[in-house]
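As structure tokens, the structure follows; a few thoughts come after it.
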Amino acid sequence: MAALIHVDDPERAEAYSMLVGPDAPRYAELGMREQTFARMLFYTLWDDGGGFQEYDAGLDYLRGYQFVCSEIRQVVTLGVAASKHAAKSLGAGLQHVPLLSHATYRREEILAALQYGSLEQGKNVQHREGVAWCPATSTDAFFVTLNKDDKKHSATTMYKDYAISPELFHWESQNATSPTSPTGRRYLDRAAHGTKVLIFTRDTADDETGLTVPYTCLGQVEYVQHAGERPIAITWKLHRPMPADVYATAAAVAQ
């Protein structure tokens, strides 16, 4: 279980360490932000809900294995110490969501933080597509694997996503999306719909050990221009320039 945890920001590390402690508060006793962290940790371990009827049941099960909890505390401490990027709040409209630009997350953490699913809604956070529309937070989350494996992607999902500059990102929508479709209109006229877009990138899907690679949060973006349809090629402007190492990888894809 500890191998699934990847944390590189102090607030999340502190929250996870608290949540795996034997004397951790019950879920209902936590503040809203701490409850979000609890859901993020829970779904990292059980993206399908694990058969649990409430978060306390799953977290109590985890706390029953204190050697695993000890490993989790060590992993998050090491992750923060090894962090290469300075993480910052997502900014206007998403200050309450405990995701940070330039921090790294597993897909399940992101979806839990954006309230894509919950035990209360009877919906888990399993998701394998490149885009997740999260109505509870009015946010589209774009999951971008920069170097796509043609063995894992069909010809219709080998989208060309890459960095144009540290502040501009070229992204292609789902293959069936047109500018006049409900989804396309939401992407291209976010002001009218009151929605946000977050981009998350990773170099490859799996690392050399076979573990799933987490995503780097590039933060909120604004529409610049688009061309074509099915897919729509959209240029987005990041609120915050991407880290130099992420940019180097994301720009190389365009070559």
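The values are calculated or read from the model by the stated rules, or taken from the named source; none is laboratory data. Quick caveat, the model's predicted, so the values are computed rather than measured. Methodologically, a virtual Cβ is constructed for each residue, glycine included, from the backbone with ideal geometry; neighbour enumeration extends over all protein chains shown. To get the accessible areas, we keep the full protein, side chains included, count just its heavy atoms, and leave off ligands, DNA and RNA. Shrake-Rupley method; radii C 1.70, N 1.55, O 1.52, S 1.80 Å.
One table, with the values for the structure above:
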| item | result |
| --- | --- |
| Ranking by accessible area, most exposed first, for Val224, Val144 with a 1.4 Å probe | Val224, Val144 |
| Cubic angstrom per residue, convex hull over Cα atoms of the range 13-58 | 72 |
| Cα centre as origin, Lys/Arg/Asp/Glu Cβ charges: the range 191-242 dipole, Debye | 360 |
| Trypsin sites (Lys or Arg not before Pro) restricted to the range 96-150 and DSSP loop, no more than 12 other C-beta within 10 Å | Arg128 |
| Shape category assigned to the range 109-221 from the gyration tensor of Cα positions, a/c cut at 1.5 | oblate |
| Cα centroid of the range 2-54 to Cα centroid of the range 120-146, whole Å | 19 |
| Loop GluC sites (Glu not before Pro), the range 165-209, which have at most 13 other Cβ atoms in a 10 Å radius of their Cβ (DSSP) | Glu208 |
| Accessible area of Phe67 in the full protein assembly, 1.4 Å probe (Å², nearest 10) | 140 |
| Spherically averaged projected area of the range 23-132 from its Cα convex hull (nm²) | 7.9 |
| Expected 222 nm ellipticity per residue - DSSP helices of 4 or more, -39500 (n - 2.57), all of the chain, to 500 | -8500 deg cm²/dmol |
| Space enclosed by the convex hull of the alpha-carbon atoms of the range 184-255, per residue, Å³ | 125 |
| Å² per residue, accessible surface of the range 182-255 at 1.4 Å | 47 |
| Glu167-Gln255 pseudo-label distance in nm [points 7 Å out on the Cα-to-Cβ vector] | 2.5 |
| GluC sites (Glu not before Pro) within the range 58-152, DSSP loop, no more than 15 other Cβ atoms inside 10 Å | Glu120, Glu129 |
| Lys, Arg +1 and Asp, Glu -1 on Cβ, resulting dipole of the chain about Cα centre, debye, nearest 20 | 640 |
| Percent accessible area from carbon and sulfur atoms, the range 47-148, protein chains only, probe 1.4 Å | 50 |
| Reciprocal mean inverse distance between Cα atoms of the chain - Kirkwood radius, Å | 18.9 |
